[in-house]
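Derivation of every value follows stated rules applied to the coordinates shown; laboratory data play no part. Please read all numbers here as calculations on a predicted model, not as lab measurements. Note: ideal-geometry Cβ built from the backbone for every residue, glycine included; neighbour counts use all protein chains shown.
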Amino acid sequence: MSAVRLVLLGRQGAGKGTQAVRLSEHYGAPHISTGDMLRSAVAEGTEFGRKAAEIMARGDLVPDDVIIGVVTERLAKDDARDNGFLLDGFPRTVAQAEALNELTAGSGLHAVINIDVPLDEVRERMRQRGRDDDTDEAIDRRLELYESETAPLISFYEAAGLMVQVDGLGSMDEVFVRLVAAVDGSTSAS
Ligand code: AMP
């Protein structure tokens, strides 16, 4: 299949990052994770990185205009133009989704896939993961913002006929098989 252009949605702890890496290998499309890009900026210690670090530590969202700028530059690179992309962690707000629509106006998205894992389950997974930036407050804040800012994207993309729900419970392999079936099912028509 030529260049897939996909968006992965899912609460923090739904296994999105891991599945995105596998899907990226499977479809030969670059994995574009805004969280990873921000963490690299933090590691580089730039002024932008220092500001982002504070926001991320609180579990808040980086301002839309900033992250839209980052993604605009990234999608303009040759690999994304030639091989498509798998967006992980973007869009997270309706404003970001509208910006993405404009960015992909010529080619369009193939599908938006939500890896669905219930709130209680992701909360438990996050607590067990115990990463440094996973304080209880930050976890709660990220989950709260997901419900208020990102969950509305489900109806946004349903209205566009792009939304595909995938059950995120089960082993990593089981979920991966479901994801590939969902992507292949949604791209075969295009
Ligand atoms: P993630 O690795 O996707 O969970 O992202 C880690 C953190 O980076 C998030 O909690 C946000 O603070 C920030 N971030 C990542 N992507 C975005 C985005 N699209 N919009 C705003 N903030 C973001």
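For the chain, calculate the relative contact order in percent as a whole number, restricting contacts to Cα pairs under 8 Å that are 6 or more residues apart. Relative contact order, the chain: 33 percent. Ranking Gly185, His26, Ala151 by Cα position along the charge dipole of the chain, where only Lys, Arg, Asp and Glu carry charges on their C-beta atoms, puts His26 farthest toward the positive end.
Here's how it looks for Gly10: its modeled amide H is under 5 Å from those of Ile115, which are all 5 or more places away or on a different chain.
Divide the volume of the convex hull around the Cα atoms of segment 4-184 by the residue count and you get 112 Å³ per residue.
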